[in-house]
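See structure below.
The values are calculated or read from the model by the stated rules, or taken from the named source; none is laboratory data. What you are looking at is a predicted structure, and each value in this text was computed from that prediction instead of being measured. Counting neighbours? That spans all protein chains shown, and the Cβs are built from the backbone with ideal geometry, glycine included. Heavy atoms of the whole protein, side chains included, go into the accessibility calculation; ligands, DNA and RNA do not. Shrake-Rupley method; radii C 1.70, N 1.55, O 1.52, S 1.80 Å.
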Amino acid sequence: MELANLRQQVEEVAVRLRSKLQQVSNPADLEAFRVEFLGRKGRIAGMFKLLGALPQEERSQAGELLNELKASAQRLFEEREREGSRNAATERLARESIDMTLPGEGRPIGHLHLLTQVQHEIETIFLHMGFDVASGPEIETDYYNFEALNIPADHPARDDWDTFYIDDTHLLRPHTSPVQIRVMENSAPPVRIVCPGRCYRRDTQDATHSPVFFQVELLWVEEGLTLANLRYIIGLFVHEFFGPGYDVRLSGDFFPFTEPSVQLHMREPGADKWLEIGGAGMVDPAVLANVGYDPETITGFAFGFGIERMAMLKYGIGDIRTFLANDLRFIRQF
Ligand code: PHE
């Protein structure tokens, strides 16, 4: 072994480590590079072992050569390592950065149920005419639901409302008319209110009946009102809600709390069939007296109709059960 020999090996290793370094493309390659050249059993360590085989006077020069080789290998390794972690950081930044130009993830937004929309629309129409919106409890007393509305116990008209009773004096209201009484008891005429709300009847479900449904009650109490005023308000409402060109007609009916009582009908433009849309009448003097009004001077009219029925007529819905079926294909249409 001679110095010249070793010098040649050093040059070969120097060339080899540079070319190896060029092939490094990931942290595992870089580690393999470190083990091959700088490891405890690596090439450079192996060459240090050869020093002992050199003549004494050549050893220090050879040691210098090897130390230089080792230092340059170490420097190249460290440079590469720094470069690698810089790249990794850049990559991570690129990966984690947010592209503000990408479209957002859509979140489906719900909307009000058709029935609620229709209720709001009806309220708005009457609010514009100067009515207030009032409400009352769904669990009602026998007094407000029947007695005060001129329907004493044992009156046969009670059978017109198939009522769910809770106990002897409480029931699920089968109509919104009790709200009339609650409002009149607490205010002096003039009274102009609409009362939308849920009602309950022991009806068997079919395409036009549901044990739970919504009604809107209207009440206008003041001196000097007549059936003509009622007829006018109904006409105005039908015009606003359904559109122009509808006819409205009243026919005789009976409710214990109105006298006279009428049934309301409307007819679509161009149609010959009349459609029933609700019940109405002049507030019975007995009802006015029950709330402390003077029936000699005070007059009033009221009407009530089903919100589902209004929606069904307006949107061509054939079955009342679809409102509560929770089928999104139905709900999303409106
Ligand atoms: N409350 C009646 C019903 O549910 C409707 C109605 C209201 C009739 C107001 C006349 C006046 O059948």
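A simple rule links phi to the HN-Hα coupling: the Karplus curve 6.51 cos²θ - 1.76 cosθ + 1.60 with θ = phi - 60°, which for the range 317-334 gives 9, x, 9, 4, 5, 5, 4, 9, 6, 6, 8, 4, 5, 6, 4, 6, 6, 10 Hz, with x for Gly and Pro. Annotation: amide H-H contacts under 5 Å for Val283 (H modelled 1.01 Å from N, sequence separation of 5 or more, or interchain): Glu259, Gly300, Phe301, Ala302. If you plug the beta carbon distance of Thr169 and Ile98 into 1/(1 + (r/R0)^6) with R0 = 56 Å, you get a FRET efficiency near 0.30. The listed peptides 30-43, 47-60, ordered by packing as a protection proxy, come out as 30-43, 47-60 (highest mean of other Cβ atoms within 10 Å first). Karplus-derived 3J(HN,Hα) values for the range 147-160, using 6.51 cos²θ - 1.76 cosθ + 1.60 with θ = phi - 60°, are 3, 5, 8, 6, 10, x, 3, 6, 5, x, 5, 4, 5, 5 Hz; glycine and proline are entered as x.
Segment Ile109..Glu296, full-extension length gain: 61.9 nm, with 0.36 nm per residue of separation and the alpha-carbon distance subtracted.
From helices alone, the chain scores -13500 deg cm²/dmol at 222 nm; the rule is -39500 (n - 2.57) for each run of n ≥ 4 DSSP H residues, then divide by the residue total. Solvent exposure of the chain, expressed per residue, is 57 Å² of accessible area, with all protein chains present and a 1.4 angstrom probe.
For the range 1-127, report the translational diffusion coefficient in µm²/s to the nearest whole number, using Stokes-Einstein at 37 °C, 0.692 mPa s, and a Kirkwood Rh over Cα pairs. After rounding, the answer is 165 µm²/s. Ignoring ligands, DNA and RNA, please state the percent of accessible area on the range 114-331 from carbon and sulfur, probe 1.4 Å. Looking at the range 114-331 in its full context, I get 50 percent from C and S.
Across the chain, the fraction of Cα-Cα pairs farther apart than 31 Å, rounded to a whole number, is 55%. Between Glu223 and Phe334, the FRET efficiency from the beta-carbon distance, with R0 = 41 Å, is close to 0.50. Using the Cβ-Cβ distance between Arg40 and Glu78 with R0 set to 22 Å, the FRET efficiency works out to roughly 0.80. Working note: Karplus 6.51/-1.76/1.60 with θ = phi - 60° gives the range 212-224 the couplings 10, 7, 10, 10, 10, 9, 10, 9, 10, 10, 5, 6, x Hz, where Gly and Pro are set to x.
In terms of packing, defined here as the mean over residues of other Cβ atoms within 10 angstrom, the peptides 113-123, 203-213, 87-97 line up highest first as 113-123, 203-213, 87-97. Between the amide H of Thr163 and those of Arg202, distances stay under 5 Å, these residues lying 5 or more places away or on another chain, with hydrogens modeled in the peptide plane. Protection proxy ranking of 163-175, 190-202, by the mean of other Cβ atoms within 10 Å over each peptide's residues and highest first, is 190-202, 163-175. The convex hull defined by the C-alpha atoms of the range 131-196 has an orientation-averaged projected area of 4.6 nm².
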